[in-house]
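Undergrad: Questions regarding the structure given below will be posed in turn.
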Amino acid sequence: MPQDFLPFTRPSIDATTMDAVAEVLRSGWLASGSKVLEFEAALSAYLGGRSVRAVTSGTAALEIALAVADIGPGDEVITTPMSWCATSNVILRRGARPVFVDVDLDSRNLDLDAVEAAITPRTRAILPVHFSGLPIDQDRLYRLGRQHGLRIIEDAAHAIGSAWKGRRIGSHGDLVCFSFHPNKNMTTGEGGAIVASTPQEVEFIETYRFNGVMHRAPGEFDVSFAGMKANLSDIAAQIGLGQLVRLETFNARRRELAAHYYARWASNCPLRLPARGDEDHSWHMFAPLLPVDRLGLSRADFIARMKQHGIGVGIHYPAIHLLSAYRGLGWREGQFPNAERVGRETITLPLFPAMALQDVDRVIDTVHAVLAEIAHAA
Ligand SMILES: *Cc1c(COP(=O)(O)O)cnc(C)c1O
């Protein structure tokens, strides 16, 4: 390969963080302790003082949030078929029923007209994703929730640092869930967090994430329900502390890189670019559509050729309702045309804070070269 391989994403961990993690390892306390408390306090400060509790993944955060909202068998949760599978897997794991509605083709966010039309007497919650960090219309979402008495559980796995009308996602609203997987805008290795509103909810989360254990007198405890084991380690929390102080810088860089993609592709763009949003977009990823039918090519061939040219391309995501577990429950092709088209055509191009603007140029030049190569081979 002529140049270094450029992956579609890569975390940025600095030496200060590595040293601080080594310090935690030397301290003798690795499980949930003072570093988790410090990380939760830092997240809370970042989110305008709301209560935040750290857990082991974004998936665990969503599952616990559904438990907080007491979602279970017989309940319907309206959600999106265009997301990582965790978004709806957690609904099934609670024994509830995901009700999918289609997304907008360019923002990939839930179509709120379709959400409203899907509300039934059994609907208990709406679980939207702020896709790639572009916030869904929070005003309309919460108005719908209030009108119909529904809980809102925001899957904000892509959206830490995004804002709606100047207010950060997670600084307002109902239950908001973040992921700190290494691909996300900030990481703890693996990890996640839940933003909650009341002391009762916070206590429930603390109990639920630690086997349902309630501490009584020192050394004594009781268990009143079977919780998960999803508390974060101090090792992970220390990574998170080192990331959170850099998050604004990371996201500013992501916005610059995204702006460069749009500027270079203001004309002569062979792809369908995603909805752009405004300066409050965290740009978790840059995922245009590859018009496979119009260009008469296969996405797998395109991705393989990009890789040969040293550029990593991801797929985020296949439509959830067409995965086997969901087909097995009765979902079929044709139900959500936009999500299905995104699932077929989406390609995630490199976008991460350590990239240079010239890397964006390299990606764009390579996309054009590979499309020419494919056209020539046909
Ligand atoms: C990453 C992600 C999750 C799950 O987070 P994990 O930390 O990997 O469990 C959920 N929803 C969306 C949209 C995600 O991108």
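The values are calculated or read from the model by the stated rules, or taken from the named source; none is laboratory data. Quick caveat, the model's predicted, so the values are computed rather than measured. As a convention, Cβ positions derive from the backbone with ideal geometry for all residues, glycine included, and neighbour counts pool all protein chains shown.
Undergrad: Suppose we keep only residues that are touching a Lys or Arg at 6+ places or on another chain (Cβ under 8 Å) and farther than 13 Å from Val363 by Cβ within the stretch 291-317. Which one would you say is surrounded by the fewest Cβ atoms within 10 Å (Cβ to Cβ)?
TA: Looking at the filtered set, the residue picked out is Pro291.
Undergrad: Can you tell which of Asp293, Asp280 is under 20 Å from the mean Cα position of the chain (by Cα), at pLDDT below 95 and either more than 16 Å from the ligand (Cβ to nearest atom) or not in a loop (DSSP other than H, G, I, E, B) (or both)?
TA: Just a single option satisfies the conditions, and that option is Asp280.
Undergrad: Also, quick follow-up: Could you grab me the full set of residues in the stretch 139-163 that are buried (at least 22 other Cβ atoms within 10 Å of the Cβ) and touching a Pro at 6+ places or on another chain (Cβ under 8 Å)?
TA: Leu141, Glu154, Asp155, Ala159, Ser162, listed by residue number.
Undergrad: With respect to Pro73, is the statement that it is outside any loop (DSSP other than H, G, I, E, B) and under 27 Å from Met228 (Cβ atoms) true?
TA: No; evaluated as a whole, the condition is false for this residue.
Undergrad: Among the residues of the stretch 349-378, which ones are surrounded by fewer than 17 Cβ atoms within 10 Å (Cβ to Cβ), in contact with a Lys or Arg (Cβ under 8 Å, 6 or more places away or on another chain) and more than 23 Å from Gln243 (Cβ to Cβ)?
TA: Of everything in the stretch 349-378, those that are surrounded by fewer than 17 Cβ atoms within 10 Å (Cβ to Cβ), in contact with a Lys or Arg (Cβ under 8 Å, 6 or more places away or on another chain) and more than 23 Å from Gln243 (Cβ to Cβ) turn out to be Asp361, Glu373, Ile374.
Undergrad: Of all residues in the stretch 260-288, count the ones that are under 25 Å from Asp4 (Cα atoms) and aliphatic (A, V, I, L, M).
TA: Number satisfying all stated conditions: 4.
Undergrad: Tell me yes or no: at least one residue of the stretch 224-245 is charged (D, E, K, R), surrounded by fewer than 20 Cβ atoms within 10 Å (Cβ to Cβ) and within 12 Å of the ligand (Cβ to nearest atom).
TA: No.
Undergrad: Kindly evaluate Ser12 against the criterion of being surrounded by fewer than 21 Cβ atoms within 10 Å (Cβ to Cβ) and in contact (Cβ under 8 Å) with a residue 24 or more places away in the chain.
TA: Answer is yes for this residue.
Undergrad: Now a separate question. Name the pairs whose Cβ atoms lie under 6 Å apart, with the first residue in the stretch 361-378 and in contact (Cβ under 8 Å) with a residue 24 or more places away in the chain and of a type in the set (S, T, N, Q), the second surrounded by 13 or more Cβ atoms within 10 Å (Cβ to Cβ) and outside any helix (DSSP H, G or I), and 6 or more positions between them or separate chains?
TA: Thr366/His309; Thr366/Ile311
Undergrad: Just to check your reading of the model, which residue among Ala61, Ala54 is touching a Cys at 6+ places or on another chain (Cβ under 8 Å) and either in a helix (DSSP H, G or I) or in contact (Cβ under 8 Å) with a residue 40 or more places away in the chain (or both)?
TA: Sole residue among the options that is touching a Cys at 6+ places or on another chain (Cβ under 8 Å) and either in a helix (DSSP H, G or I) or in contact (Cβ under 8 Å) with a residue 40 or more places away in the chain (or both): Ala61.
Undergrad: Right, next: Give me the residue from the stretch 57-72 that is away from the ligand (no atom under 12 Å from the Cβ) and farther than 11 Å from Arg124 by Cβ and, out of that set, surrounded by the most Cβ atoms within 10 Å (Cβ to Cβ).
TA: Filtering first and then ranking leaves Val68.
Undergrad: Return the residues of the stretch 310-341 that are assigned to a loop (DSSP other than H, G, I, E, B), small (Gly, Ala, Ser) and more than 16 Å from the ligand (Cβ to nearest atom); say none if nothing qualifies.
TA: Gly310, Gly312, Gly328, Gly330, Gly334
Undergrad: Could I ask something else about it? From the residues in the stretch 112-136 that are assigned to a loop (DSSP other than H, G, I, E, B) and of a type outside the set (S, T, N, Q), which one is farthest from the ligand (Cβ to nearest atom)?
TA: Looking at the filtered set, the residue picked out is Pro121.
Undergrad: Right, next: State which residue is nearest to Gln335 (Cα to Cα) when the search covers only the stretch 77-98 and only residues that are away from the ligand (no atom under 16 Å from the Cβ) and surrounded by fewer than 20 Cβ atoms within 10 Å (Cβ to Cβ).
TA: Arg97
Undergrad: A further question follows. For the stretch 137-251, list the strands (runs of 3 or more DSSP E) that sit wholly inside it and hold at least 2 residues that are under 25 Å from Ala354 (Cβ atoms) and modelled with pLDDT of 95 or more; which are they?
TA: The strands (runs of 3 or more DSSP E) meeting that bar are 175-179, 192-196.
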